[in-house]
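**Q** So that we are looking at the same thing, I have put the structure below in structure tokens.
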Amino acid sequence: MILNSTHTSKTNTELINDLVGKRFSLFDRFRLKGIGSKRMVVEKVSLNLRQYLNTIADTNYANIELRPAGILIHINRGLETFTWVIPYYQLVIYKSDGSSIHGQGRFINFKNNMLLNENRNFFKKMMNLKIQYDTDFKSPTMSM
């Protein structure tokens, strides 16, 4: 789900909290050593995300925020901000020439540059939280 989050609204906040949980507490933020990534350069996106990017030759930036049950990708377009809400059970991350995040039939590919390298520890933290979420909510397997 993608929301226009330029201005805070109660309905958007409730939707985000229902899908990926409320923000981490201050204690958890210190324990995790931060819950937000530095900004990264967007190299490529799926067709259904192009409408949220700058149409002229400007560089597009995005950053990621961790939540207990998913992530928020904040995409900046001019003076507007759009938030892509991805629960952990829909999140897939690929490491190729850069990093690519997939979910809900969409993807965003971040350029492999110094900004992405600065976020390497953040991606490890995000993967650890996803693994922890998957192990906590693993559905029982059916035996035959």
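**Q** Would you tally the residues in region 1-43 being over 21 Å from Tyr89 (Cα atoms) and part of a helix (DSSP H, G or I)?
**A** 8
**Q** Within region 44-62, track down each residue that is of a type in the set (Ser, Thr, Tyr) and either in a helix (DSSP H, G or I) or open to solvent by 70 Å² or more (accessible area, probe 1.4 Å) (or both).
**A** Result: Tyr52, Thr55, Thr59.
**Q** Related question: Does Leu32 qualify as being open to solvent by less than 30 Å² (accessible area, probe 1.4 Å), at pLDDT 90 or above and over 15 Å from the mean Cα position of the chain (by Cα)?
**A** yes
**Q** Would you confirm, using the coordinates I've provided, whether Leu72 is modelled with pLDDT of 95 or more and either part of a loop (DSSP other than H, G, I, E, B) or farther than 15 Å from Met1 by Cα (or both)?
**A** no
**Q** Do we find that Tyr89 is farther than 23 Å from Leu32 by Cβ, outside any loop (DSSP other than H, G, I, E, B) and open to solvent by 60 Å² or more (accessible area, probe 1.4 Å) in this structure?
**A** no
**Q** Please indicate, with yes or no, whether at least one residue in region 9-16 is in contact (Cβ under 8 Å) with a residue 24 or more places away in the chain, exposed (fewer than 15 other Cβ atoms within 10 Å of the Cβ) and either within 18 Å of Ile86 (Cα to Cα) or of a type outside the set (D, E, K, R) (or both).
**A** Taking every residue of region 9-16 in turn, none turns out to be in contact (Cβ under 8 Å) with a residue 24 or more places away in the chain, exposed (fewer than 15 other Cβ atoms within 10 Å of the Cβ) and either within 18 Å of Ile86 (Cα to Cα) or of a type outside the set (D, E, K, R) (or both).
**Q** Would you mind telling me which numbered condition in (1) among the hydrophobic types (A, V, I, L, M, F, W, C); (2) open to solvent by 60 Å² or more (accessible area, probe 1.4 Å); (3) touching a strand residue (DSSP E or B) at 6+ places or on another chain (Cβ under 6 Å) Met114 fails?
**A** With respect to (1) among the hydrophobic types (A, V, I, L, M, F, W, C); (2) open to solvent by 60 Å² or more (accessible area, probe 1.4 Å); (3) touching a strand residue (DSSP E or B) at 6+ places or on another chain (Cβ under 6 Å), Met114 is out only on (3).
**Q** I need the full set of residues from region 93-111 which are open to solvent by 20 Å² or more (accessible area, probe 1.4 Å), touching a residue at least 40 places away in the same chain (Cβ under 8 Å) and touching a helix residue (DSSP H, G or I) at 6+ places or on another chain (Cβ under 9 Å), in order please.
**A** Gln104, Gly105, Arg106, Phe107
The values are calculated or read from the model by the stated rules, or taken from the named source; none is laboratory data. Predicted model, so just to flag it, every value in this text is computed and none were measured. Reconstructed Cβ throughout: ideal geometry from the backbone, glycine too, with neighbour counts over all protein chains shown. Please note that ligands, DNA and RNA were not included when accessible areas were found on the heavy atoms of the full protein model with its side chains. Shrake-Rupley method; radii C 1.70, N 1.55, O 1.52, S 1.80 Å.
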